[in-house]
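Here's the structure we're looking at; comments come further down.
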Amino acid sequence: MKNDLPSDALYTLEDLEKWPREGTSLAVLGHPVKHSLSPPMHNAALAELNRDHPEFSDWTYYKFDIQPEELKSALGKFYRKGFKGLNLTVPHKILAAQWVNIGEAEVELTEACNTLLWTENGYQGYNTDLYGLTSAIEDEFKIQLQDRDVLLLGAGGAARAAAVACGQTGVRSLTLANRTVSKLDAIRGVLEKLESCPPVDTCALDQPLPSVSERMIVINATSLGLDPDDPTPADLRKLPASTLVFDMIYNPARTKLLKEAESLGMQVANGLGMLAYQGERSLKIWTQKNPSAKTMFAAAQAGLQST
Ligand code: ATR
């Protein structure tokens, strides 16, 4: 009864109640979560770690479809079943942060967490999205964020993590743009709590930008683009061709925003790298080893191609 459960199946709370595994289990919880690439990505990294560290031979990562109203009781059940680590995705990151012990300051700042570690005193929460975003951007574009003027689109949980990541990195300036402008005040408030806060501007998504420079990077943290029929979240035509455009969405691999940017001669990247880097740090928290982000990226890419 060790590794007899398929890791590509979609599990539910009902499955959890009669969870038969004796080995170490990890999982991502979300709704919807059917198309998550986290199981193949983490299981590939675990297989690699296992070559030098046989203690991971019975570790397997699964995915569970959990509704937001089930989350609180589900977390208690995962804890009692001994799930060593959990990842949280849409729409659980902000919800979960109120019920777990704070593992690092980023959870307090963003009021969101995407990674839980089993400890004797309950689950401890971390937010590896900040590391995921900055590592992916610096890796994909071979730049330092500190030198850049950032235009961040969105004001949800993902945008909050991105804003704090930009603030902590010390970007040159940060412009926050969202459909609902009033939601940007909360993010500005979070940024002002940082030791050093870059200059921050806010505007509506469809308004002209307060300023434009040759060193801009646009980060899309809205959900616009998940549906191929969605309009693009920003008009890039007034920005210089030197602008870099990063979309957190990875499926579809090329959103309308990225296609428009490419047609304007801009360099682009999708969110697959961020997925791999945030996963790398989560797995490091659980295993206390150094998993390979490269292996995780390759497995996520292969998973994407087969969907
Ligand atoms: P997440 O946790 O992934 O960030 P979220 O909290 O639901 O998800 O945030 C979704 C983001 O996409 C928000 O910035 C939202 O804008 P509003 O704050 O105005 O709701 C943005 N968004 C979603 N649908 C949109 C649309 N049709 N047009 C413009 N922005 C949209």
Cα-derived Rg over Rh, computed across segment 200-267 with Rh taken as Kirkwood radius: 0.94
Report I102's accessible area, 1.4 Å probe, all protein chains in place, as a number in Å² to the nearest 10. 80
If the cut-off is a Cα-Cα distance under 30 Å, which lysines reach K193, setting aside same-chain residues fewer than 8 apart in sequence? K72, K93, K142, K183, K284
Partners for K256 among lysines (Cα-Cα distance below 18 Å; same-chain residues under 8 apart left out): K238
On the first, second and third principal axes, largest extent first, how far apart are the outermost C-alpha atoms of the chain in Å? 60, 37, 36
Three-way shape label, segment 2-44, alpha-carbon gyration tensor, a/c 1.5: oblate
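What is the sum of charges, Lys and Arg at +1 and Asp and Glu at -1, for the other residues whose Cβ falls under 9 Å from the Cβ of K34? Walk me through the numbers before you get to the answer.
Working: positive: K63; negative: D65.
Residues near K34 contribute 0 overall.
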Long-range Cα-Cα pairs in segment 260-307 (distance over 12 Å), rounded percent: 67
Bins of 10 Å, beginning at zero and ending with the bin holding the largest distance: percent of Cα pairs per bin for segment 186-304, please. 12, 32, 34, 19, 2
Surface accessible to a 1.4 Å probe, H35 within the full protein complex, Å²: 120
R0 = 30 Å: FRET efficiency of N50 with Q144, Cβ-based, nearest 0.05? 0.30
Per residue of the chain, what 222 nm ellipticity follows from adding -39500 (n - 2.57) for every DSSP H run with n ≥ 4, rounded to the nearest 500? -11000 deg cm²/dmol
Report the normalised scattering of segment 122-231 as log10 I(q)/I(0) at q = 0.14 Å⁻¹, calculated by the Debye formula with identical scatterers on the alpha carbons. -0.55
Would you calculate the separation in nanometres between label points at Q98 and A186, each defined as 7 Å from the Cα along the Cα-to-beta-carbon direction? 1.1
Across the Cα atoms of segment 101-180, what radius of gyration and what greatest pairwise Cα-Cα distance (Dmax) are found, in Å? 13.9, 43
How much accessible area does E111 have with a 1.4 Å probe, in Å² rounded to the nearest 10? 100
Taking segment 46-159 as the region of interest, what is the percent of Cα-Cα pairs per 10 angstrom bin, listed from the shortest bin to the one with the maximum distance? 12, 35, 32, 17, 3
With Rg from the Cα atoms and Rh as the Kirkwood inverse mean 1/r over Cα pairs, segment 192-232 has an Rg/Rh of 1.04
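The values are calculated or read from the model by the stated rules, or taken from the named source; none is laboratory data. Because the structure is a prediction, the values reported are computed rather than measured. Quick reminder, even Gly has a Cβ in these numbers, built from the backbone with ideal geometry, and neighbours come from all protein chains shown. When the accessible area is computed, the model is the full protein with side chains, heavy atoms only, and any ligands, DNA or RNA have been set aside. Shrake-Rupley method; radii C 1.70, N 1.55, O 1.52, S 1.80 Å.
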